[in-house]
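Reading through the structure tokens given below for one structure.
The values are calculated or read from the model by the stated rules, or taken from the named source; none is laboratory data. From a predicted model like this one, the values you see are computed outputs, not experimental measurements. Neighbour counts are summed over all protein chains in view; Cβ atoms, including those assigned to glycine, are modelled from backbone coordinates with ideal geometry.
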Amino acid sequence: MPIIKAPPKQAKTVTIQARVEESVKVQLDRYAEFIDSTPSYVITEALKVLFKRDDEFKTWLGQQPSNGNIQELKGGGLKETA
């Protein structure tokens, strides 16, 4: 059973660029194929899991002056608010 579920309706998205090792890209593509989704979805969900589980990051984030512009999303992600 996959750790990341297939995608529901996607919220507003933005484009980012990242450089990764070739082996990471291959595994990313394979995982996306495994769950019948896209690499973008896998990255988004993996980051949500990371943000949700990293207590030290959440503590640090709460201490940052800009934390008034960030709120937790359903699934543990972060969302910038106006």
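Here are the numbers for the structure shown:
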{"quantity": "In the range 19-71, the residues that are more than 24 Å from PRO8 (Cα to Cα) and hydroxyl-bearing (Ser, Thr, Tyr)", "calculated": "SER23, THR59, SER66"}
{"quantity": "Residues that are under 12 Å from the mean Cα position of the chain (by Cα) and hydroxyl-bearing (Ser, Thr, Tyr), drawn from the range 1-48", "calculated": "THR13, SER40, TYR41, THR44"}
{"quantity": "Of the criteria (1) modelled with pLDDT under 95; (2) surrounded by 10 or more Cβ atoms within 10 Å (Cβ to Cβ); (3) part of a loop (DSSP other than H, G, I, E, B); (4) not charged (D, E, K, R), which one ASN67 fails", "calculated": "(3)"}
{"quantity": "Residue identified as surrounded by 12 or more Cβ atoms within 10 Å (Cβ to Cβ), touching a residue at least 24 places away in the same chain (Cβ under 8 Å), assigned to a helix (DSSP H, G or I) and among the charged types (D, E, K, R) among LYS52, LYS58, LYS25", "calculated": "LYS52"}
{"quantity": "From VAL42, VAL20, residue being modelled with pLDDT of 95 or more and part of a helix (DSSP H, G or I)", "calculated": "VAL42"}
